[in-house]
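The structure under discussion appears below in the form of structure tokens.
Just so it is clear, none of the values below were taken in a lab; they were calculated from the coordinates. Since the model is a prediction, treat every value here as computed from it, not as a measurement. Note: ideal-geometry Cβ built from the backbone for every residue, glycine included; neighbour counts use all protein chains shown.
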Amino acid sequence: MKFIFWGVRGSIPSPGPRTARYGGNTTCIEVRTDDDTLIVIDGGTGIFSLAQSLLQNKRTPVHANIFITHSHWDHIHGLPFFTPLFVRDSRVRLHGVTDPVTGNGIEHVMGVQLQNSYFPVSETQMDATIEYRTLTIGEAIQVGDATVHNVVMNHPVTDLGYRIECNGKSVFFTGDHEPHYNIHPAGHPEHAAYQQWMAERNAAIDATVQGVDALIVDCSYTREEYPAKQGWGHGTFDSAFSMALRTGAKALYCTHHEPTRSDDELEAVFADVMARHAPLLGDLKVFLAYEGMEVLLT
Ligand SMILES: [Zn+2]
Ligand SMILES: [Zn+2]
């Protein structure tokens with residue numbers, strides 16, 4: 001199994017000279033299983049580069065299994081530009097969760113973007129077969145020779161973290177995730193119950209991540225930036241390192257880079273957090289994800 005980062009930026013595309021080395025496209029990860037099944041996690045603007053690569057390499061018709069972590073723009077706004085949607089005999093199957101607030105299934109994520117006000121082409125004009133598979137939380141599904149597990153992370157909308165397993169190798173992506181914290185102060189009547197709920201949620205997340213070969217985590221903020229952003233639904237480099245060490249991950253890939261952070265600033269932040277964690281890392285390998293980074297799990 002291997003995976004390639006096509007977009008590593010959080011929140012909004014950030015192209016330009018300041019981000020040229022790590023890339024300005026928003027979240028998209030291509031996973032190729034051992035039997036060459038194509039799994040795509042998230043449809044940020046990076047999915048357009050993936051689409052171009054598939055067409056340039058004449059890997060058509062495309063059979064793509066897209067898994068959406070959550071419906072925020074930076075994880076979906078490349079979807080209508082996934083060019084295989086326009087290629088006859090291609091098949092694109094979109095997976096994701098029902099929005100518990102609106103009750104909308106995963107088809108809504110595409111449908112809302114294809115409204116005439118926002119996009120010139122309707123779904124009926126697309127030549128590929130498009131299928132929607134709304135996932136049940138905690139349900140494991142078979143995709144080619146891989147199994148895809150999901151677990152609910154912590155974000156202002158429901159965000160599924162996905163673990164993909166193939167022939168004993170595994171990769172997990174958090175999507176957007178802020179470590180749980182108790183929203184009720186000590187002494188509040190609901191503090192203890194919330195603490196219990198958090199413990200159950202954290203246990204479910206850690207059990208799904210446990211022992212993964214490649215752990216890809218939302219590292220939007222530094223620990224210094226975080227207090228001003230608490231509740232926005234994103235983690236820090238420090239919280240990602242903690243998750244990796246706690247769950248026995250083999251390698252950690254830091255992604256969802258903050259859009260205002262230049263390449264140089266990103267490397268400086270990373271150097272600081274690596275220096276602070278150096279005595280703790282043991283066998284854990286840690287990488288800053290960049291656009292085009294390809295990882296082979298052997
Ligand atoms: Zn995001
Ligand atoms: Zn988000």
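Of all residues in region 198-250, those that are more than 16 Å from ligand 1 (Cβ to nearest atom), part of a helix (DSSP H, G or I), surrounded by 14 or more Cβ atoms within 10 Å (Cβ to Cβ) and among the charged types (D, E, K, R) total 3. Of all residues in region 73-96, those satisfying the criterion of being surrounded by fewer than 23 Cβ atoms within 10 Å (Cβ to Cβ) and within 16 Å of ligand 1 (Cβ to nearest atom) are Trp73, His77. Exactly one of these conditions fails for Thr158: (1) within 16 Å of ligand 1 (Cβ to nearest atom); (2) of a type in the set (S, T, N, Q); (3) touching a helix residue (DSSP H, G or I) at 6+ places or on another chain (Cβ under 8 Å). Give me its number. It fails just one condition, (3).
Condition check for Ile66 on (1) closer than 17 Å to Phe5 by Cβ; (2) part of a helix (DSSP H, G or I); (3) more than 16 Å from ligand 2 (Cβ to nearest atom): one failure, at (2). When restricted to residues that are surrounded by 13 or more Cβ atoms within 10 Å (Cβ to Cβ) and out of contact with any Phe, Trp or Tyr (no Cβ under 8 Å at 6 or more places or on another chain), region 113-134 contains 8.
State whether one or more residues within region 179-196 are within 16 Å of ligand 2 (Cβ to nearest atom) and under 17 Å from the mean Cα position of the chain (by Cα). Within region 179-196, one or more residues are within 16 Å of ligand 2 (Cβ to nearest atom) and under 17 Å from the mean Cα position of the chain (by Cα).
Listed by first and then second residue, the pairs linking a residue in region 40-69 that is on the phi > 0 side of the Ramachandran plot to a residue that is in a helix (DSSP H, G or I) and crowded, with 18+ Cβ neighbours inside 10 Å, with Cβ atoms under 8 Å apart and 6 or more places separating them unless they lie on different chains, are Asp42/His75; Asp42/Ile76.
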